[in-house]
1. Consider ALA50 carefully, then state whether it is of a type in the set (A, V, I, L, M, F, W, C), more than 20 Å from VAL126 (Cα to Cα) and touching a Pro at 6+ places or on another chain (Cβ under 8 Å).
2. Tell me which residues, restricted to segment 54-83, are farther than 22 Å from SER127 by Cβ and modelled with pLDDT of 95 or more.
3. In segment 1-48, which residues are small (Gly, Ala, Ser), at pLDDT 90 or above and touching a Leu at 6+ places or on another chain (Cβ under 9 Å)?
4. Cβ contacts < 7 Å: first residue in a helix (DSSP H, G or I), restricted to segment 12-31; second residue modelled with pLDDT of 90 or more and among the basic types (Lys, Arg), any location; separation 6+ or different chain. Result?
5. Name the single residue that is surrounded by the most Cβ atoms within 10 Å (Cβ to Cβ) among those in segment 77-93 being over 13 Å from the mean Cα position of the chain (by Cα) and more than 18 Å from LEU51 (Cα to Cα).
6. Can you name the residue in segment 102-142 that is at pLDDT 95 or above and of a type outside the set (A, V, I, L, M, F, W, C) and is also surrounded by the most Cβ atoms within 10 Å (Cβ to Cβ) among such residues?
Amino acid sequence: MLLSRITYYKRQEGFAMAKIKKILVPVDGSVNATKAVDQAIFFAQKCHAALDFVYVSSHINKDIPSQIVFDNIWKRLPEDIPAGKHVESGTIFKAILKVAAAEQSDMIIMGSRGLGLFRGVLIGSVSQQVVEAALIPVMVVK
């Protein structure tokens, strides 16, 4: 599904890294979210893009306050990359898509699995829902 969306985007929009000016990165404090942050920083440097980070509070990540997650990101973030942070609540994938639309993101880079309960699946349910519903390219980082 991810490959077909990116292929479609390439055909329709003449996909080029230079067109990516704003990247949304959902974060929850998980290892895969941290990997996604690293990839987003890499892409932002190559594209001269801004980053937006969104933390969606839920019963799964209630023990990790958003400020701790954002503090860890800001320690890694180069000073020359403009970045914003957003805290949302509600259905996680819907909150991610809402912020992507509101911020006019060109791409979403997210971890394949967050802090959810189900282990051993290829892609997490939130990642899958975002890939299926997003109108912009989504990179899922494992």
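1. Working: of a type in the set (A, V, I, L, M, F, W, C): yes; more than 20 Å from VAL126 (Cα to Cα): yes; touching a Pro at 6+ places or on another chain (Cβ under 8 Å): yes.
Yes.
2. ASP71, TRP74, LYS75, LEU77, PRO78, GLU79, ASP80, ILE81, PRO82
3. Step one: of segment 1-48, the residues small (Gly, Ala, Ser) are 4, 14, 16, 18, 29-30, 33, 36, 40, 44.
Still in the running and at pLDDT 90 or above: 33, 36, 40, 44.
Matches in segment 1-48: ALA33, ALA40, ALA44.
4. Between residues of segment 12-31 that are in a helix (DSSP H, G or I) and residues that are modelled with pLDDT of 90 or more and among the basic types (Lys, Arg), the close pairs are MET17/LYS46.
5. Out of the qualifying residues, it is THR91.
6. Among residues in segment 102-142 that are at pLDDT 95 or above and of a type outside the set (A, V, I, L, M, F, W, C), the one surrounded by the most Cβ atoms within 10 Å (Cβ to Cβ) is SER105.
The values are calculated or read from the model by the stated rules, or taken from the named source; none is laboratory data. Note that the coordinates shown come from a computational prediction; the quantities given were computed from them, not determined experimentally. Note that each Cβ is placed from the backbone with ideal geometry, even for glycine, and that neighbours are counted across all protein chains shown.
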